[in-house]
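This report refers to the structure that appears directly beneath it.
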There are 2 protein chains.
Amino acid sequence: MSWRKEQRRAERGYHHGNLKEALLQAALGLIAEKGAAGFTFADAARMAGVSAAAPYRHFRDRDELLSSIAQRGFEQFEARLTEAWDDGRPDTVTAFERVGRAYLAFAREEPAFYNAMFESGLPVDANAALQAASERAFNVIRAAAERLAALASPGTPRPPAMMMALHIWSMAHGVASLFSRGDAARRKLPMSPDELLEAEVLIYLRGLGFPTDRRPQAKSAEPPPVPPEASSGSGVPPGGPWGKPK
Amino acid sequence: MSWRKEQRRAERGYHHGNLKEALLQAALGLIAEKGAAGFTFADAARMAGVSAAAPYRHFRDRDELLSSIAQRGFEQFEARLTEAWDDGRPDTVTAFERVGRAYLAFAREEPAFYNAMFESGLPVDANAALQAASERAFNVIRAAAERLAALASPGTPRPPAMMMALHIWSMAHGVASLFSRGDAARRKLPMSPDELLEAEVLIYLRGLGFPTDRRPQAKSAEPPPVPPEASSGSGVPPGGPWGKPK
DNA sequence: CAGCTCATGTGAACGATCTTTACATGAGCT
DNA sequence: AGCTCATGTAAAGATCGTTCACATGAGCTG
């Protein structure tokens, strides 16, 4: 029973050396397994091989650990989105959809982070640093929407980029949290969450009057010439974004 | 100290008489206050004036109480959505948007139910009855989407109703959980969640080629005549769904 | 190198929760 | 009147979050 603890202690000495990091990693693993609600401070301590009181030297309380994880999550999230956006290459629409896929991929591949960030119930404004990190991540989407808005067909009012960004965010978050993660993924779907979101975004963009055929655009100040399909009929390409209906 | 408990007991006798219901109500109140994560079985018992062990006569464990609440929530949710849909009166698009608003209204007005249903972390398939209730609620959206799909402009492929329903659900859930409830509502927005969702759905529907001017349609088998704006230009009415840009 | 300091970890303890177990009560039926 | 069984209670064990007094040893200071 207790020789194990002694053993551990013998291996690493009285001081852990890197407990804060170890706790964050342990918590991450536990949240991935059992959700933010199921994760316990004591478990994290045990997993790091220290007493239940040790974590209090590094985090005021359980919530502070959680919000540290959320913050780190937003930072990685921002990085992933930025990378996916790739400054709008090769063309704005393609890059924009890549951001959508990156959103879902993050939710799927980093369930613990996503959980801490959006589903742990901690207040958005718990922590100034957290809020800032969250805003930086959102700003990636916002900036992309800004560029997309600039592509609006001439003669049509330019949609507010902020609104577009909020719309895209809500779609991505909705799909992720309803269909793409953990228990929710068990809901049976006629298509993958990725395809679902991609179609949703494409239809939305078409609703705004954007060409969605992904032709690379020159990065010019004036909008590119309107492709034929954007000004004739309802703008629906044959087959539509959802594939060929039978 | 303990005269209070005796007092309570004197008022109602040894047997409570309606404990199951009282526990559900108490839990609902507690979840509304502190979220599903913060709610404790013991608190619910205390609030109902019984010992901490009493609830186990009515629910296997805390999770079963939670899933009972979620189930009841889905039932009320279904009722609200059905009422909002009103069988597509006065016209399909108007009714469809009313469903969207009803979704948000439910999320806002019944935070406890919404929390238990979508944010409590309980598995979708925890319980057959729960899953069934959830599917019945979704079917309201699905049926509405079915009717909407039948309105597709002639010559354009008819979008799969299932996909549309999933899209609408993800939008509504995304907006609700990001902006419309509890802590999340503190995120500052340039518009209300209701307006945000309404614009989102309108743009989406336009992307599918639907007329979105809410003219009442005859309930005929064949689609109504295509309004001019749906077949000319990009289909964007002046001002767009997001109001007048400056 | 000796000694001091302070960040870091320990163990014990408190109150709260979840859950089980043996026992108490009384409503409704015979 | 008496029996039975659903319903409630008290007590107890296990786990958690959190605090407090105390132990340890890494790194600075002289």
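Observations on the model:
Here is a yes/no grid of residues against (1) more than 12 Å from the chain's Cα centre (by Cα); (2) within 22 Å of B:Glu119 (Cβ to Cβ):
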{"site": "B:Ile69", "(1), (2)": "yes, yes"}
{"site": "B:Arg72", "(1), (2)": "yes, yes"}
{"site": "B:Arg80", "(1), (2)": "no, yes"}
{"site": "B:Arg89", "(1), (2)": "yes, no"}
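- Segment A:31-63 - residue that is of a type in the set (A, V, I, L, M) and near DNA strand D (Cβ under 7 Å from one of its atoms) and, of those, farthest from the other protein chains (Cβ to nearest Cβ): A:Ala53
- Considered as a group, the residues in segment A:64-85 that are within 16 Å of DNA strand C (Cβ to nearest atom) and not hydroxyl-bearing (Ser, Thr, Tyr) include one that is surrounded by the most Cβ atoms within 10 Å (Cβ to Cβ), and that residue is A:Leu65.
- Residue count for segment A:152-185, restricted to those that are more than 7 Å from chain B (Cβ to nearest Cβ) and touching a Lys or Arg at 6+ places or on another chain (Cβ under 9 Å): 9
- Single residue of segment A:189-204 satisfying the filter (assigned to a helix (DSSP H, G or I) and within 15 Å of A:Ala105 (Cβ to Cβ)) that is nearest to the other protein chains (Cβ to nearest Cβ): A:Leu196
- Residues satisfying the stated conditions in segment A:94-137, i.e. surrounded by 18 or more Cβ atoms within 10 Å (Cβ to Cβ), more than 13 Å from chain B (Cβ to nearest Cβ), over 30 Å from A:Asp61 (Cβ atoms) and not charged (D, E, K, R): A:Ala95, A:Phe96, A:Val99, A:Ala102
- Checking each residue in segment B:46-57 for being crowded, with 21+ Cβ neighbours inside 10 Å and either of a type in the set (D, E, K, R) or assigned to a helix (DSSP H, G or I) (or both) picks out B:Ala48, B:Pro55.
- When residues of segment B:31-63 are limited to those that are within 25 Å of A:Leu122 (Cα to Cα) and in contact (Cβ under 8 Å) with a residue 40 or more places away in the chain, the one nearest to DNA strand C (Cβ to nearest atom): B:Asp63
- If you go through segment B:150-177 and keep only what is polar (S, T, N, Q), in a helix (DSSP H, G or I) and either modelled with pLDDT of 95 or more or more than 30 Å from B:Leu189 (Cβ to Cβ) (or both), you end up with just B:Ser170.
The values are calculated or read from the model by the stated rules, or taken from the named source; none is laboratory data. On a predicted model such as this, the values are computed, not experimentally measured, just so you know. Note: ideal-geometry Cβ built from the backbone for every residue, glycine included; neighbour counts use all protein chains shown.
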